[in-house]
There are 2 protein chains.
Amino acid sequence: MKARLDALRAEMARQGLDGFIVPHADEFQNEYLPPSAERLAWITGFTGSAGAAVILKDKAAAFTDGRYTIQIREQVDAGLFDIRHITDEPPKDWVAEHLGEGGRLGYDPWLHTERALETWRKAAEKAGGELVAVEHNPLDAVWTDRPSAPAAPIAAHGEEFAGESSAAKRERVAKALAEAGADSAVITAPDSIAWLLNIRGGDVAHTPLPLSFAILYATGRVEWFVDPAKVGADLAGHLGDDVTVRGADEFEGALWALGNNRVLADPAGTAALVFERLGKAGAQIIRADDPCQLPKARKNRVEIEGMRAAHRRDGAALTRFLAWLAAEAPKGGVGEIAAADKLEAFRFEGEHITDLSFRTISGSGPNGAIVHYTVTPDSDRTLGTGELYLVDSGGQYRDGTTDVTRTVAIGEPTAEMRDRFTRVLKGHIGIATVRFPDGTTGSHLDILARQALWQAGLDYDHGTGHGVGSYLGVHEGPQRISKIANSVALKPGMIVSNEPGYYKAGAYGIRIENLVCVTALEIEGAEKPMLGFETLTLAPIDLALVDPALLTSPETEWLNAYHARVREALIPLVDEATAAWLAGATRAVG
Amino acid sequence: MKARLDALRAEMARQGLDGFIVPHADEFQNEYLPPSAERLAWITGFTGSAGAAVILKDKAAAFTDGRYTIQIREQVDAGLFDIRHITDEPPKDWVAEHLGEGGRLGYDPWLHTERALETWRKAAEKAGGELVAVEHNPLDAVWTDRPSAPAAPIAAHGEEFAGESSAAKRERVAKALAEAGADSAVITAPDSIAWLLNIRGGDVAHTPLPLSFAILYATGRVEWFVDPAKVGADLAGHLGDDVTVRGADEFEGALWALGNNRVLADPAGTAALVFERLGKAGAQIIRADDPCQLPKARKNRVEIEGMRAAHRRDGAALTRFLAWLAAEAPKGGVGEIAAADKLEAFRFEGEHITDLSFRTISGSGPNGAIVHYTVTPDSDRTLGTGELYLVDSGGQYRDGTTDVTRTVAIGEPTAEMRDRFTRVLKGHIGIATVRFPDGTTGSHLDILARQALWQAGLDYDHGTGHGVGSYLGVHEGPQRISKIANSVALKPGMIVSNEPGYYKAGAYGIRIENLVCVTALEIEGAEKPMLGFETLTLAPIDLALVDPALLTSPETEWLNAYHARVREALIPLVDEATAAWLAGATRAVG
């Protein structure tokens, strides 16, 4: 890393920069990066899915959030980088403190949204310096062994899974564009394009995304900018005449041609470069949310039915794994990698699966306390008796994406573990059972997942729920359940995770995660339209970790009813031995 | 009202305006207006504490929030004004729709904050028109019988109540100014000035506020702009040499003299005129929160002890009233006005009281459903058997401000009333018992007050809690408990109300309101600094309205413990008959 930093600093000096920002981002502003865009990992060693680094002449800092605080300390050389919590000790403060009077802080305008730049700019100015767009990314200039850009084939996502034709979606979004007074919209979010065109690809790991750019016109026409090597001949018929395929390298030029347009672009989701080019071209820019994100988030009937079906298969696979684990782990000798592999094998026996939805988090004992733990041969450890084992995993099925976490006791858990687990479960039930008026956002609900922990002075340092796509990103927006203020109201058809946790560093981790779907409720005597959640995930919750004395009776009723549903749905799908185990694992308590 | 509208429209035409905005505001941006600033009431007839009107050439609209939706319809002529909900149907949409291309929408820059103008400006521009500052308020020009400005004497607020000298406060805030890089701050919020100078006045009803302006310098010096008629000779000694008293009419000129200053001013709390004048003077404006608001909100030990003492006296008065009511109301013949008068009389027997803290809301039956009901001889009704009676009231004591609501059943309540009351009580207990980590805001907590209602499809259309001053405003910022996103973390010493409710239009209203004080908690095993609430208000909650079957056991425990506290604190302070009644009213349930 020292050599890489030296090379980058030499290139920065050549370009007249005093600093350079390395975000965890690519030109698509996508959470999931191909290896060719893993600049942050290359320069810092940190491989988490969120973070940033700032390299100054004689100082550098690496930032990430609470999910990765342990991992970043293990991966990043603290002699080379100050290591900081990205929200508690934000990069802007570090820049304001260290950049220095007159300092030129460089950024690559392909790798930042316009919105994100505002913060960096203020920080640079606070230090008395300035923020400078680079023409050529200095890190790329010195990254000699950089992998080439991905070029996975792109296939149609059939209407039997999508539930709505691309033509109908394009018409719907085009109408919204016209209503917003826009002639066109620049769309760079890979999941928006995949949703809009009903296509899926494989340019990033675990998420069936093609990387490309698109311009949607208020007429319903689309210009799609994509590496032609990725587009199979059979796709033309699927796309139809209203979609023109152009080379990805033509995108920047096409922005110039929008000079006489009123162009909608998302300042929080599109590269700053797009705004700069549109501005120079003389386009009238309408800054607004990506018009595909909200319709994509609200799953239609076919997608919801697909999610339910995928969750039955996924639940059966996870239950077979849990039954196997219950038999094998207490004997000793089951390792974290072996467990993850076993679970993956069960999943791949199911229909419609194409990939895991992310790399399985398989953490025993203290490794469970690392929120986004990635097991490696070095870190692999045997599931020990008296320990907790946390497994967070999911599948990409053509009819739906899954994401589920279970925490199980190997042998006898301690009273503290049961207390903590039960508090996490109370939070999980709080979200699962809430009813709320239309207009409520995930930030209003977040506390329900935390309050039982808060009563004991405990908490968890991550959000409570993220959106989930339909055979798309396992994380998607715009809705979420989080302490952070969020103005997006939860609407029927949105899918979010419900995943409170508790982590005791060096000891154990607990998380209980189900996916839930927002549903309209009929409540007798209700005075306003009310919504609630349908739990999609089907898998037993380890009763050995539940202290029934801590549950209220409505909470106990929820747990027993959920387990009855799991039992009835999954017993027909599993072998006899698993069924017998499941019957016991889902017995009524309280 | 027709004649007044005609006169205003003629004056608007004379000034070349197509529209004029009439906010509920004065030049101090204070919630509590003197009669001379009640422009909204004069032009619309609406006397609520929040709202606005827009007068166009041939159309007009009046806006208010959910607390006043019934009242505004009763007071405002729907033939003259469109009547709108201020958040669901915001004024900006109405303006955008009706102002018309090229329309000039006037505003008085003394009566709007800079922040509030942004919304009006966008609305005017959306309509293709423009927002225009008026030199002379056209409404004032035609308001011939306008009352004169108030001139109540100003007195020192002794350190035995304030707990900190004005000099120490000035030094503290001046230090914060210097840290923010400011040479001075323009302070126009009456409660900020009252707090900073340890003074109290009487320019508005029910809140001991003097109306004035101040400039605080980073040296700790203050220039105080105030009608000299209000400043008694004895105040000079209290204020000391660092406070220079100048005429209120010198304020605008003094802004010009700040041209070479870096001046802090609050864009959300200070009149737009101040920013305009400072800008023209060449001052470097630092837009930031009013630097007095946060320190004022965090009460010191003396103020908290004063609040506790005031609440004991206030609770004794309210309890005497409730005991009297329990004896008298079932006989019939107790009216809403008579009840309010009786309660006021009991309050005024207590020590240190100077005023009520707002006009008592005394509503029986359907009047209770009017959230901010003001009883008049016309609306006065007898408390009927089988009805609910809601009384929301408070006192201004020199050692603290109180605000309490109780809802009582006259005779036998219905099962529905008990169900609704118990759900409101569950929400109240949810707030009273929550523990939360430092950094939590009131918007995170709000749902705890609503969720039991939401389970039944019910809600209430007002916030859950507002800040309360120490012998100051019964509403104060910056903290609050509300669905609306709020970035102000709750900190020890802040006081907020806890007042969920439920209102069935035309039938009954329910609200249970106590004041609570944020307190640091010691929790064994806590992993982060935790806070909670100490309930200050002491008065029985009507057990006839509680359905114990709906309460969880921790909720029942809270209710019984609270009642035990009320009993122990108040029995020594009340007469024997009241004590006997109180013993029964606070009996343990469940």
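The values are calculated or read from the model by the stated rules, or taken from the named source; none is laboratory data. Treat the numbers as computed from the prediction; the structure is a model and nothing was measured. Using ideal geometry, Cβ is built from the backbone for each residue, glycine included, and neighbour counts are taken over all protein chains shown. Heads up: the accessible areas ignore ligands, DNA and RNA and are worked out on the full protein's heavy atoms, side chains in. Shrake-Rupley method; radii C 1.70, N 1.55, O 1.52, S 1.80 Å.
In the set B:G384, B:G363, which member is at pLDDT 95 or above and part of a loop (DSSP other than H, G, I, E, B)?
Within the list B:G384, B:G363, the selection yields B:G384.
Of all residues being within 18 Å of A:E555 (Cα to Cα) and within 8 Å of chain B (Cβ to nearest Cβ) in region A:440-453, which is farthest from the chain's Cα centre (by Cα)? Just the residue, please.
Here the residue is A:Q451.
Kindly list the number of the only condition in (1) over 11 Å from A:P291 (Cβ atoms); (2) assigned to a loop (DSSP other than H, G, I, E, B) that fails for A:A182.
The single condition A:A182 does not satisfy is (1).
Here are B:G103, B:G79: which of them is out of contact with any strand residue (DSSP E or B) (no Cβ under 9 Å at 6 or more places or on another chain) and among the small types (G, A, S)?
B:G79
Working carefully through the options B:R170, B:R200, B:R221, find the one that is open to solvent by 40 Å² or more (accessible area, probe 1.4 Å) and under 19 Å from B:A156 (Cα atoms).
B:R221
Being open to solvent by less than 40 Å² (accessible area, probe 1.4 Å) and part of a strand (DSSP E or B) is true for just one of A:R450, A:R406. Which residue is that?
When all the criteria are applied, what remains is A:R406.
If we keep just the residues of region B:264-290 that are in a loop (DSSP other than H, G, I, E, B) and among the small types (G, A, S), which is nearest to the chain's Cα centre (by Cα)?
B:G269
Just checking, how many residues over region B:486-532 are under 30 Å from B:P413 (Cβ atoms), assigned to a strand (DSSP E or B) and within 13 Å of chain A (Cβ to nearest Cβ)?
Summing the residues that are under 30 Å from B:P413 (Cβ atoms), assigned to a strand (DSSP E or B) and within 13 Å of chain A (Cβ to nearest Cβ) in region B:486-532 gives 3.
I need the full set of residues from region A:557-566 which are closer than 24 Å to A:E349 by Cβ and open to solvent by 70 Å² or more (accessible area, probe 1.4 Å), in order please.
A:R565
How about region B:291-350: which helices (runs of 4 or more DSSP H) wholly inside it have at least 3 residues that are modelled with pLDDT of 95 or more and farther than 29 Å from B:P492 by Cα?
B:301-328, B:336-348
Would you mention how many residues in region A:15-51 are free of Cβ contacts under 8 Å to residues at least 40 places away in the same chain and either open to solvent by less than 10 Å² (accessible area, probe 1.4 Å) or farther than 19 Å from A:E74 by Cβ (or both)?
Residues flagged as free of Cβ contacts under 8 Å to residues at least 40 places away in the same chain and either open to solvent by less than 10 Å² (accessible area, probe 1.4 Å) or farther than 19 Å from A:E74 by Cβ (or both) within region A:15-51 amount to 3.
In the list A:A317, A:A310, which residue meets the criterion of being crowded, with 18+ Cβ neighbours inside 10 Å, closer than 19 Å to A:W195 by Cβ and of a type in the set (G, A, S)?
From the options A:A317, A:A310, the qualifying one is A:A310.
Output the number of residues of region A:106-121 satisfying the condition of being basic (K, R) and either open to solvent by less than 30 Å² (accessible area, probe 1.4 Å) or within 14 Å of A:V54 (Cβ to Cβ) (or both).
Count: 1.
Criterion first (assigned to a loop (DSSP other than H, G, I, E, B), touching a Gly at 6+ places or on another chain (Cβ under 8 Å) and without any contact (Cβ under 8 Å) to a residue 60 or more places away in the chain) does A:E101 satisfy it?
yes
Quick test for you: out of B:D183, B:D191, B:D234, pick the one residue that is modelled with pLDDT under 95 and either buried (at least 19 other Cβ atoms within 10 Å of the Cβ) or of a type in the set (D, E) (or both).
Answer to the check: B:D234.
Looking at (1) open to solvent by 40 Å² or more (accessible area, probe 1.4 Å); (2) of a type in the set (D, E); (3) more than 14 Å from chain B (Cβ to nearest Cβ), find the lone condition where A:D542 falls short.
Of (1) open to solvent by 40 Å² or more (accessible area, probe 1.4 Å); (2) of a type in the set (D, E); (3) more than 14 Å from chain B (Cβ to nearest Cβ), only one is false for A:D542: (1).
Go through the residues of region A:404-411 one by one and say whether even a single one is of a type in the set (K, R), within 11 Å of chain B (Cβ to nearest Cβ) and in contact (Cβ under 8 Å) with a residue 60 or more places away in the chain.
Scanning region A:404-411 turns up no residue that is of a type in the set (K, R), within 11 Å of chain B (Cβ to nearest Cβ) and in contact (Cβ under 8 Å) with a residue 60 or more places away in the chain.
Suppose we filter B:A268, B:A281 for residues that are in contact with a Gly (Cβ under 6 Å, 6 or more places away or on another chain) and at negative phi; which single one remains?
After applying the criteria, what remains is B:A281.
Scan region A:549-589 for residues that are within 14 Å of another protein chain (Cβ to nearest Cβ), without any contact (Cβ under 8 Å) to a residue 60 or more places away in the chain and not hydroxyl-bearing (S, T, Y) and jot them down.
A:A549, A:E557
Does A:R67 meet the test of being open to solvent by 10 Å² or more (accessible area, probe 1.4 Å) and at pLDDT 95 or above?
no
For B:G525, are the conditions met, namely being in contact with a Lys or Arg (Cβ under 7 Å, 6 or more places away or on another chain) and either open to solvent by 10 Å² or more (accessible area, probe 1.4 Å) or in contact (Cβ under 8 Å) with a residue 60 or more places away in the chain (or both)?
no
Any residue that is small (G, A, S), at pLDDT 95 or above and under 22 Å from A:G465 (Cα atoms) - is there at least one of those in region A:543-554?
no
Confirm whether B:L209 is assigned to a loop (DSSP other than H, G, I, E, B) and under 28 Å from the mean Cα position of the chain (by Cα).
So B:L209 passes the test.
Restricting the search to region A:463-479, which residues are within 14 Å of chain B (Cβ to nearest Cβ) and either farther than 24 Å from B:R450 by Cβ or open to solvent by 10 Å² or more (accessible area, probe 1.4 Å) (or both)?
Matches in region A:463-479: A:G463 only.
Search region A:467-479 for residues that are closer than 16 Å to A:Q29 by Cα and outside any loop (DSSP other than H, G, I, E, B) and pair each with any residue that is open to solvent by 10 Å² or more (accessible area, probe 1.4 Å) and of a type in the set (V, I, T) when their beta-carbon atoms are under 9 Å apart and the residues are at least 6 apart or on different chains.
As it stands, the answer is A:G477/A:V488; A:P478/A:V488, since those pairs meet every condition given.
For B:G315, work out the one condition from (1) under 17 Å from B:T385 (Cβ atoms); (2) under 22 Å from the mean Cα position of the chain (by Cα) it doesn't fulfil.
Only one criterion is unmet by B:G315, namely (1).
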